[in-house]
Every structure is written in C-alpha cells, then in structure tokens.
2 protein chains.
Amino acid sequence: MDHSHKAILVSVGDELVLGQTVDTNSAWLSQQLASIGYGILQHLTVPDDQAQIERAIRESATRCQTVVISGGLGPTADDLTRQALAAALGAELSINESWLNHMRAFFRGVNRPMPESNAIQAMVPAGCRLIWNYHGTAAGIDAVMNAESTCRLFAVPGVPKEMKGMFNDHILPILSALSGGAVILSATLHTFNLGESAIAEMLGDLMDRSRNPSVGTTVSGGVVSLRINARYPSLSEAQARLAATVADCRTRLGTLIYGQDEQTLASVVSAALLNPPAPYGAGPLSIATAESCTGGLLAKMLTDIPGSSAYFQQGWITYSNNAKTSLLSVDPQLLATHGAVSEAVVAAMAENARKIAGATFALAISGVAGPGGGTPQKPVGTVCIALASPSSTSATTHHFPGDREMVRDRTAKTALNRLRLLFFT
Amino acid sequence: MDHSHKAILVSVGDELVLGQTVDTNSAWLSQQLASIGYGILQHLTVPDDQAQIERAIRESATRCQTVVISGGLGPTADDLTRQALAAALGAELSINESWLNHMRAFFRGVNRPMPESNAIQAMVPAGCRLIWNYHGTAAGIDAVMNAESTCRLFAVPGVPKEMKGMFNDHILPILSALSGGAVILSATLHTFNLGESAIAEMLGDLMDRSRNPSVGTTVSGGVVSLRINARYPSLSEAQARLAATVADCRTRLGTLIYGQDEQTLASVVSAALLNPPAPYGAGPLSIATAESCTGGLLAKMLTDIPGSSAYFQQGWITYSNNAKTSLLSVDPQLLATHGAVSEAVVAAMAENARKIAGATFALAISGVAGPGGGTPQKPVGTVCIALASPSSTSATTHHFPGDREMVRDRTAKTALNRLRLLFFT
C-alpha cells in the first residue's frame, strides 16, 4: 500500500459517538487536507475511553503517514487523548513549563485561580513537540511514531476554533511541505429534472472510477449533483484539467445543469431576473406567484435570496376554489368544467396574477400534494404548473412520486426550473 | 470483550471522506441505538472503494454484534456497498425479483423507462433479507455474518429519509427484540420561546445525570426539546415511570411545552383550529396569512399539514409597500408615518386580511430579515407580528438573532406560537 500523502482522522468524544453532537471537525479537516493533495483513508470516531483511543491511534498509524486526532484534550477526567497518545508512543507524559506558565498568566488575567486540574493540559509525551493554542488552554501535540513506516500524528482540541487555529498555524505548513506537490481541486455541478442513473448514462466514460479528474454523482432533494475532483502535481495543470472536465460535463448535459457549487435553482433564477440575458433587455424583471398545493413554498424559495425584493413584490396563496375566484378572478365556470387541478385553471391563475401584480412573469401551481385528495383521474402527485410571460402562457401537467413534502418540494423546484429554462434555452 | 448490545456504524461515501458533506446519519443512528440500550463502539467513515468498505465491514463485524452501514447503495458505478458486503459475506449477489418489479412499476408510474443501471439496486447477497424502501429505489440489506460471534449487519441508503424509514420500519423492531431484557421507553417534549439553559434551570434536578428516567435537552431551529428515557425491567413499570416524569416536566414548564414526539407548532395549531377548545365552539376555525419578510414561509408551515384546506383557504405575500396597499388596503399614510416594519402596519395587514378572507383569525408579519435593509432604529432581525381575532387585534415587536434563514424561521414559528397560546392559556 502506498502510505504517502494519506491521512486518517480520529475524532474523540462520547457526545460524538452518542450522536448528541454532529462531527463537523472531520469534514472541515478533510477539505483542508484534500486541498493540499492528501487522500483521506477514513474517519474514525471513538468514545472517551483510553483503551479505545489508543487502539484507534495505533491502527491508524500503521495504515498511513498522517493522523490528526481531535478532541479529548480538556482538563476533566473524561479527557484521555494525551494519556492514550503517550501509551501508544510508549512515552511518559511530562510537563511543559512554558505552557504551564502561559496558562497561569491567562488565569491571572481573568482574575481566577488556575484549577489544579488544568495542569494536565500542559502535559506532552516525552519527545513530542507542543502545539501552541492561541484560543484556549489545551496545548496540542505534534508526535512521530515509527509504525510500518514513519507516521506523523497531531492531537488538537475538539473546540472548532482551537482546532482550526492549530491546523492553520502549525499543521498546514508542515503537511504542505511534506506532501511536496499534488494539488486537488474540486467543482460541483447541479442538475434538475432527471434521475441519477439517467444522468450517469449521459456522462458515460466520464464516470470511470479510474479517471482523473474523477466525476461522481450524489442526489439530494431531486437535485443530482456531479462532483469533479482533479488531482495533479501543479496548480495550473489541476485548474486546466478541472476546467476541461467541467466543460465536458456541460457539453453532455447542456441545460440540465442549472448551476455550480453554491448555486441553487432560486439563486440562478434570481440572477437571471436581476440581469436578464438578451433579448429581455435591462433588469430587474419581476415575478409574481399564485400557489395552491405548495401553499407558499415557491414564494418562500424565491425570497430565500437576499435582495429578492428587487424582483419579487407579491404573491397569492389561493388554496380554496373561492380564493382562486375572489383573489385571482378565475372564472368559476372554468373551475367547474376542468377542476382546480387543470392546465386551464393554472393558466388563468398565472395570467391574472401577472396582470394584477404588473409583473414580467407569473408562475401558478395547483395540484394534489396528498396524502388525501387523489382521484383515479388525478392521483396524489398530479400537479399543473403554468408560466405566464409577456409573450405567452404555457401550462404543463406533472406526476411526482413521494409523500406530501416531496411532492411540494419537487413542484416548487420544477416551477423555478421552468422559469430558468425560459432564459437558458 | 462483551459483544452484546454493542454496535458500530459505518458510513460510506467519497463526499463524506472528502468533507464535502457532513455525516449527520451517524449522529441520528447513534441516538436511536442509544435510546434502546445499545452502546456505540465507534463510527467509521470510508470512501467509495470496494476494498475499503469490505475491510471496514469485516473488522467491525469481529468487534460487535450489530453493524449498520449507510450509503453506497445507489445505481451508479461508484456505489459499491452491495458488492463489498457480498464479498465480506463470501456470497454472490442475486436479483430480488419482487424489488425489481416494484422498481419497474415505479418508473412506469412516472412515465419513464427504468435505466438498466437501476437493476443493481434489486441485488442482495444470497441468503440475506431485503429491506423494503418506501421512499426510493435502493433496497436495503439485512445480513448475518459469523465472525468472532454472530454479527447482524444492516445496509441502508445514505439518503436520510430512506435511511430513517428503513431504520424505523425494519431495523428498530429487530434490535429492540435482540436487546431483550430491559425495556427502554422514550418521550420527547418540545418547547419554544426560551433558551436551553433557561429550560435546564426550570427542570433542575430532573436533569441529574444518574436519574432514571433521564431527562436531556437538545436544540434545533429555536426549539428546545426534552428527551426522556425510562429504562426498567418491565414494560408496565417503564410506562408508569415515563408518564410520571413527563407529567413532572409539564408541571415545571407549563405552556412553554407545545407538543410531544412528532408534533410541530404547525400540527398543534392545526389540531386546535380543527377541534377548538371552549369557548370557541365547533370547528374548524380558519386562519389567513399576510406575510412580508417571511415571503410565504408561514403559509408553507400551515399547509405542511395534510388536510390543511379545512382551516386555511388563502394568504398573501405582500413584499412591497405597494402590494400591502393594493392587495390588503393598508393606508399609504400609515406606511409613510410608521414604516412597513411597525406594529401599526402589521395590525392593519392582519385586520384587513382577516376581513377579506372572511377567516376567524389572521396572522401578519413584517420585518427586516437581512442581510441588508437594517437601520439603527430597526436593525436586521427586527420583526413585527400581529394576530387578528374576532375580539381583538394585538401586535408585538421582536428582535431575532442570526442570519436571514434563522430570522425567517424564528419569525414564522413565533407567529404560530402566538396563535397556539390564544388557545392554551
């Protein structure tokens, strides 16, 4: 096995193992390590138990050249990472006088006596370096263990601010120097409207496991995202190859891709309304909403975006037939003939909402979100969506799977996507 | 080592190991397992690499009697948990016809051909049971491995909703039965409007670490929840002791507690509108909404509840001053004098919304959600909320901390809580 530039992260804490705290440190550390070319073999989370911490350290050290241990450096009886690391190294813990003096000065500064239990935080296994903590009283430990090959171990506190400070100040420069080279750059592209396997078929050989840059897919809330990782010796090469694969993905998926990295359907629609592409002329354009089964979710998504008042001024939630008639002047005859969940009714909702609001566009939604209300002709999941624009109104019927929450979520996103595609096709 | 009632959680995914996604599944699963008396030995996170997944499964199975593996059950080439589990078991993967038929029916239902790559999701190692997935296409796997002792393994998807569904429907009953002996019953009470430490002070000795039933607090989205676990040899004793501690908590916190277990502020408000307590007479009563800064979020929460059309017929999103005037007849002079974020304006919005909708109640919201729009007099987080009822209208001003999303969430929940307290004080 190639041990070089591989790392394992060990998190220590009963609160993590019991699920009372979500481990965000490992995700943060992984991102930092990946960005300087380290491959992460695994994350391991163990309780505040000295034997289990020691075992985790020993096993990790035999499998890679870099181990970062976070947590268990506090002053109380259940903080046992120092003791476990000393045992794994076969070294005695000894006091670091300069850190002890630093802690005493800290407590004098806040006019408190230093509790004797804090002295443990100045203990470091013999032969190890101390990592200075600029945000707290727990000193970190920088150790070397000769396992199958030489492994560098760093123990840092679990408090995110202290952990991040030590990583940036002490650990990052050392690991950057040790890795001598490889750069990993990542990008994420987001698609909507097709399932994961259909996207994978369109990507074809781009998803080969051995490819560099690699392309992988994940799904969340109906959005299939492509994660692209490029690993090369130089930054310029990584940038160029990453850009080439991003361009390949865009060519194969076209307008199925709605955004990159932090972008959402709402943020992309927002940007298009604020700065519309030709032929729409200068922005901002505006959008009004008329919702039945989504009950405000579409408007909520549009107003999630800071500054949304530039393009969103008003919306209606017309949940009952009466409300559709009284607030949006939908002809009762139309409702009686076609039913509330029909292309004719949503088209009227969108046209009238657009007119009353004086908006450039209006989106209207009516559907059966469930669990009740379905009929053989219009089962749960049947949704009609209309988009009214200055030139025309179009309505479509959809069948969404899943429960009430999923139907409402997919419906609102599909409506946003309809508006997006008006600009980008 | 005592292997009984010990569990290891294995999470699979490049996105987890690379830190692009935070692993929340392990925390959730740990809480569930702890609540039925399982001790968690460790969490282990490995990449989408068959050899590493197999190694993690093998090693975990030798150390405990229960392993839950989440992730890697998707349809694409980077989903390798099935293959790894089959290899660890020394079994061939074979197709499960009933799941394959179920998937084909699902794709027919949404009018799409089933991509051939999805067939892998119906594969289960020979001799294993399939775990039904009510929320997606990935079947789960229920396996038994004879390692140092017999180990029960469950493979579930990484998508939280699918994972949680399989855990609750299939895994929990099995593990509860296997754990034998002690009965653990849990209840969760939810409070809104006070912080965690204030709630803890009111609970006092009920939160002693050694107490049985135990009482612990967690916070999420402004809601402080009390988790009560009762562990006794018999079901009847556990039920009686749990009920007594629940009653104790209710006595100490009174109307701060809005609900129990799956209840939300919206579901409690919904139930009160459908079946109002005296002196409101027979239900359903109705509620209309008029929202500015929450942009539809309050109406969305009210309509999250199935059957909400019985009490919710219409709502307005009046984001601009013009919309407040044209749709809700708010006097322009009132807006000019007091500003849109004022008790006078939200009171007018609520009263007029109630009148136009012909509803029993109306809630109105206007505020500065940020990040822009704050002034020294009305900084970001300033929100006015009004509740109009048949007898009166009352308006209050609040200052919420946090970012745009948090301000909007707390605002909508505070509005729901206002309506709730009308019924329960």
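The values are calculated or read from the model by the stated rules, or taken from the named source; none is laboratory data. The structure displayed is predicted, hence computed values, not measured ones. Positions of Cβ are generated from backbone atoms using ideal geometry, with glycine treated the same way; all protein chains shown enter the neighbour counts. These area figures cover heavy atoms from the full protein model, side chains too; ligands, DNA and RNA do not enter into them. Shrake-Rupley method; radii C 1.70, N 1.55, O 1.52, S 1.80 Å.
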Exercise. What is the number of the single condition among (1) among the basic types (Lys, Arg); (2) open to solvent by 30 Å² or more (accessible area, probe 1.4 Å); (3) within 27 Å of the chain's Cα centre (by Cα) that B:LYS355 does not meet?
Worked result: (3)
For this session: Check segment A:24-47 and report whether any residue there is open to solvent by 30 Å² or more (accessible area, probe 1.4 Å), touching an Asp or Glu at 6+ places or on another chain (Cβ under 8 Å) and not in a strand (DSSP E or B).
Result: no
Problem set entry | Complete set of residues in segment A:61-85 that are of a type in the set (Asp, Glu) and at pLDDT 95 or above | none
Seminar exercise, completed: Residues of segment B:318-346 being among the polar types (S, T, N, Q) and closer than 24 Å to B:ALA299 by Cα, in sequence order, are B:THR318, B:SER320, B:ASN321, B:ASN322, B:THR325, B:SER326, B:SER329, B:SER342
For this session: Identify, from the list A:THR245, A:THR289, the residue that is assigned to a strand (DSSP E or B), open to solvent by less than 50 Å² (accessible area, probe 1.4 Å) and hydroxyl-bearing (Ser, Thr, Tyr).
Result: A:THR289
Exercise. Just to be sure, is A:LEU419 outside any strand (DSSP E or B), touching a Phe, Trp or Tyr at 6+ places or on another chain (Cβ under 7 Å) and on the phi < 0 side of the Ramachandran plot?
Worked result: yes
For this session: Tell me which residues, restricted to segment B:274-286, are in contact with a strand residue (DSSP E or B) (Cβ under 9 Å, 6 or more places away or on another chain) and open to solvent by 30 Å² or more (accessible area, probe 1.4 Å).
Result: none
Exercise. Residue check, B:ILE385 against (1) crowded, with 20+ Cβ neighbours inside 10 Å; (2) more than 30 Å from A:GLU405 (Cα to Cα); (3) away from chain A (no Cβ under 14 Å), all met but one. Which one?
Worked result: (2)
For this session: For A:GLY370, state whether it is surrounded by fewer than 23 Cβ atoms within 10 Å (Cβ to Cβ), closer than 20 Å to A:PRO276 by Cα and within 14 Å of chain B (Cβ to nearest Cβ).
Result: no
For this session: Evaluate segment B:243-258: report whether one residue or more is in contact (Cβ under 8 Å) with a residue 24 or more places away in the chain and within 14 Å of chain A (Cβ to nearest Cβ).
Result: no
Exercise. Quick check: anything in segment A:340-353 more than 11 Å from chain B (Cβ to nearest Cβ) and at positive phi?
Worked result: no
For this session: Starting from segment B:119-145, take each residue that is free of Cβ contacts under 8 Å to residues at least 40 places away in the same chain and list its partners that are assigned to a loop (DSSP other than H, G, I, E, B) and open to solvent by less than 10 Å² (accessible area, probe 1.4 Å), counting only C-beta distances under 8 angstrom and pairs at least six apart or across chains.
Result: B:ALA122/B:ALA139; B:LEU130/B:ALA139; B:TRP132/B:ALA139; B:ASN133/B:ALA139; B:ASN133/B:PRO157; B:GLY136/B:PRO157
Problem set entry | segment B:172-205, residues that are within 22 Å of the chain's Cα centre (by Cα) and in a loop (DSSP other than H, G, I, E, B) | B:ASN193, B:LEU194, B:GLY195
Exercise. Does A:ALA84 meet the test of being touching a residue at least 12 places away in the same chain (Cβ under 8 Å) and not in a strand (DSSP E or B)?
Worked result: yes
For this session: May I ask you to verify whether A:SER186 is at pLDDT below 85 and surrounded by fewer than 17 Cβ atoms within 10 Å (Cβ to Cβ)?
Result: no
Exercise. Taking the condition surrounded by 16 or more Cβ atoms within 10 Å (Cβ to Cβ), more than 31 Å from the chain's Cα centre (by Cα) and within 14 Å of chain B (Cβ to nearest Cβ), does A:GLU54 pass?
Worked result: yes
Exercise. More than 10 Å from chain A (Cβ to nearest Cβ), open to solvent by 10 Å² or more (accessible area, probe 1.4 Å) and at negative phi, is that true of B:ILE95?
Worked result: yes
Problem set entry | Options A:ALA230, A:ALA240, A:ALA271: the member that is more than 14 Å from chain B (Cβ to nearest Cβ), in contact with a strand residue (DSSP E or B) (Cβ under 9 Å, 6 or more places away or on another chain) and small (Gly, Ala, Ser) | A:ALA240
Problem set entry | Count - residues of segment B:1-45 that are at the interface with chain A (Cβ under 7 Å from one of its Cβ atoms) and closer than 20 Å to B:MET145 by Cα | 4
For this session: Kindly provide the set of residues from segment A:309-325 that are within 7 Å of chain B (Cβ to nearest Cβ) and open to solvent by less than 20 Å² (accessible area, probe 1.4 Å), ordered by number.
Result: A:PHE312, A:GLN314, A:GLY315, A:TRP316, A:ILE317, A:THR318, A:ALA323
For this session: Being under 33 Å from the mean Cα position of the chain (by Cα) and either crowded, with 23+ Cβ neighbours inside 10 Å or not in a helix (DSSP H, G or I) (or both) is the filter here, so list the residues in segment A:144-161 that pass it.
Result: A:CYS151, A:ARG152, A:LEU153, A:PHE154, A:ALA155, A:VAL156, A:PRO157, A:GLY158, A:VAL159
Seminar exercise, completed: Quick count over segment A:1-19, residues being open to solvent by 10 Å² or more (accessible area, probe 1.4 Å) and in contact with a strand residue (DSSP E or B) (Cβ under 7 Å, 6 or more places away or on another chain), is 4
Seminar exercise, completed: The number of residues in segment A:385-405 that are farther than 17 Å from A:VAL345 by Cβ and either of a type in the set (Gly, Ala, Ser) or touching a residue at least 40 places away in the same chain (Cβ under 8 Å) (or both) is 4
